[in-house]
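The values are calculated or read from the model by the stated rules, or taken from the named source; none is laboratory data. Remember, predicted model here, so these are calculated numbers, not experimental data. Glycine also receives a Cβ, built like all others from the backbone with ideal geometry; neighbour counts cover every protein chain displayed.
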Amino acid sequence: MPIEISDKTIKHEFIERVSQLSGQDIFMCFQCGTCGGGCPMSGQMETLPRRIMRMAQLGMEEDVTNSGTSWTCASCHTCTANCPRGVDLAKVMEAVRLLTLRKNINMIDPSGLSAEMVRDLPQIALVSCFRKLTS
Ligand code: SF4
Ligand code: SF4
């Protein structure tokens, strides 16, 4: 499906902030799709990383942040290791997450977890989950 783009949807500030936070030149990406091919979480993503990169290049902030892809990303760095253009996509995903968290939006409510879940889930998983999903 083609990406629909208009002048109104281009957010240059979003492009700059993703680039600054990730330290990556997102325009190095040429949408080869290698990242999605090796991504262990791609089957759970509605929007594949290649498309996220293209939308980020186009400054489509809402589409990128609403896609859920950055939250599904497991930060495994497989894409980073495989990218033929040297793009650290894991850092781009982290930057997209940070831009949401910095708006004081939490992706999980710790108080909503039941006592049984807190007791039974691995503590290291809970801590890393809170670090990733809360502002
Ligand atoms: S592997 Fe690299 S160049 Fe290819 S689509 Fe992914 S980020 Fe872009
Ligand atoms: S870092 Fe994220 S996007 Fe990259 S391969 Fe791992 S899960 Fe997929």
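Tabulated values for the structure
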| item | result |
| --- | --- |
| MET53 vs. criteria buried (at least 16 other Cβ atoms within 10 Å of the Cβ), under 21 Å from ILE105 (Cβ atoms) and modelled with pLDDT of 95 or more | no |
| Search result, residues across the stretch 13-38 that are more than 9 Å from ligand 1 (Cβ to nearest atom) and of a type in the set (A, V, I, L, M, F, W, C) | PHE14, ILE15, VAL18, LEU21, PHE27 |
| Count of the stretch 114-134 residues which are surrounded by 12 or more Cβ atoms within 10 Å (Cβ to Cβ) and either farther than 21 Å from ALA74 by Cα or under 24 Å from the mean Cα position of the chain (by Cα) (or both) | 7 |
| Filter pass, VAL64 being over 20 Å from CYS129 (Cβ atoms), surrounded by 21 or more Cβ atoms within 10 Å (Cβ to Cβ) and within 11 Å of the chain's Cα centre (by Cα) | yes |
| Residue that is nearest to ligand 1 (Cβ to nearest atom) [pool: residues in the stretch 51-77 that are on the phi > 0 side of the Ramachandran plot and touching a helix residue (DSSP H, G or I) at 6+ places or on another chain (Cβ under 7 Å)] | HIS77 |
| Out of ALA95, ALA90, ALA56, sole residue that is within 15 Å of ligand 2 (Cβ to nearest atom), within 18 Å of ILE15 (Cα to Cα) and touching a Lys or Arg at 6+ places or on another chain (Cβ under 8 Å) | ALA95 |
| Residue that is farthest from ligand 1 (Cβ to nearest atom) [pool: residues in the stretch 78-135 that are part of a helix (DSSP H, G or I) and small (Gly, Ala, Ser)] | ALA115 |
